[in-house]
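Here's the structure we're looking at; comments come further down.
Please treat every number below as a calculation from the coordinates, not as lab data. Keep in mind the model is a prediction, meaning the values are calculated, not measured. Cβ placement follows ideal geometry from the backbone for every residue including glycine, while neighbour counts extend to all protein chains displayed.
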Amino acid sequence: MPRSVPPPAWVLTRRRAIGDHIRTARQVAGLTQQQVAERIDMDRATYNRIEQGHSAALIDSLIRIADAIGVPLADLVRT
């Protein structure tokens, strides 16, 4: 199967901004990446790629992350 076209730069920039929001919310909640990953049944490396903006998170994953951290989903995706 051919690889899809990479997203444009502005999408990658917004993806990194969302990752920054997730990281900040997690740190304010006093949680480690491992703790959040365990709460959402995701391996820490995958969770880390979402925080770093290297991986596009599915909406289901974002909902679970917001719930695990204890913040509204809108707080994570507001850019």
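Count Lys and Arg as plus one, Asp and Glu as minus one, and take only other residues whose Cβ is under 14 Å from that of Ile18; the net charge is then +4.
With helices as the sole contributors, the chain gives -19500 deg cm²/dmol at 222 nm; each DSSP H run of n ≥ 4 counts as -39500 (n - 2.57), and the sum is divided by every residue. With K and R counted +1 and D and E -1, the other residues having a Cβ less than 14 Å from that of Ala66 yield a net charge of +1. Extension gain for Ala29 to Leu12 (0.36 nm times residue separation, less C-alpha to C-alpha distance): 3.5 nm.
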